[in-house]
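Each value in this text was obtained by applying a stated rule to the coordinates, not by laboratory testing. From a predicted model like this one, the values you see are computed outputs, not experimental measurements. FYI the Cβ positions are ideal-geometry reconstructions off the backbone, even for glycines, and counts take in every protein chain you see.
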Amino acid sequence: MRFSEKSVLFIATGCFIGNIPLAPGTFGTLVGIPICFFLSKIDIQISILCIIIFILAAIFISREAEKILHKNDPGSVVIDEIAGIMVTLAGLPFNTMVVALGFIIFRLFDIFKPFPIKQIEMKLSGGTGIVMDDIAAGVMSNIILRIIIFLVHLV
């Protein structure tokens, strides 16, 4: 069964948040924060399983959105940012300081794409390319957050 085009675009754009003309990726990342809150309330193994399933769905949805929009890595597709912030905050305490720092660090990695994020984006294509650079940014952000939490004792 194939999703309708409107359904694909609704999901890919984070309930059409990605259609905001200014900084759609930033607004898309914000959409992911309530999801992270709910994931923080369940067992870590189930949370990680949910994140993996979400990433796989995001790859599929992003690929379909590219086809519908006839554009490579359309800016309105923000499901990748949602997946990225989910990885960023995975297994960390959900509090104002951690979420704020995670949001900032993730957005910086996503925008500036330091090594190896840019290489991942360039090497992969389609839905995989759209999503995996954000996953890499999320992994790097999660590691940086863990270091900051350890050094500053944020928790």
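For region 38-119, pairs of C-alpha atoms spaced more than 17 angstrom apart make up 55 percent of the total. Among residues other than residue 81 with Cβ under 9 Å from its Cβ, the summed charge is -2 (Lys and Arg +1, Asp and Glu -1). Peptides 126-133, 78-85 ordered by packing proxy, namely the average of other Cβ atoms within 10 Å per residue, highest first: 78-85, 126-133. Applying 1/(1 + (r/R0)^6) with r as the Cβ-Cβ distance of residue 122 and residue 10 and R0 = 25 angstrom yields a FRET efficiency of 0.30. Overall, region 26-152 carries a charge dipole of about 120 debye about its Cα centre when +1 sits on the Cβ of Lys and Arg and -1 on the Cβ of Asp and Glu, all other atoms neutral.
With one equal scatterer per alpha carbon and no solvent term, the Debye-computed log10 I(q)/I(0) for the chain at 0.11, 0.14 1/Å reads -0.39, -0.63.
With a simple spin-label model that places each label point 7 Å from the Cα along the Cα-to-Cβ direction, the separation between residue 151 and residue 111 comes to 2.1 nm. A Stokes-Einstein calculation at 10 °C with viscosity 1.306 mPa s, built on the Kirkwood radius of region 90-155 over Cα pairs, returns a diffusion coefficient of 128 µm²/s. The per residue volume of the convex hull around the alpha-carbon atoms of region 1-56 is 90 Å³. Taking 0.36 nm per residue of separation and subtracting the Cα-Cα distance, full extension of the segment from residue 143 to residue 38 would add 35.7 nm. Once the other residues with Cβ under 14 Å from the Cβ of residue 55 are scored (Lys, Arg +1; Asp, Glu -1), what is the net sum? Spelling it out: positives minus negatives among the neighbours equals -3.
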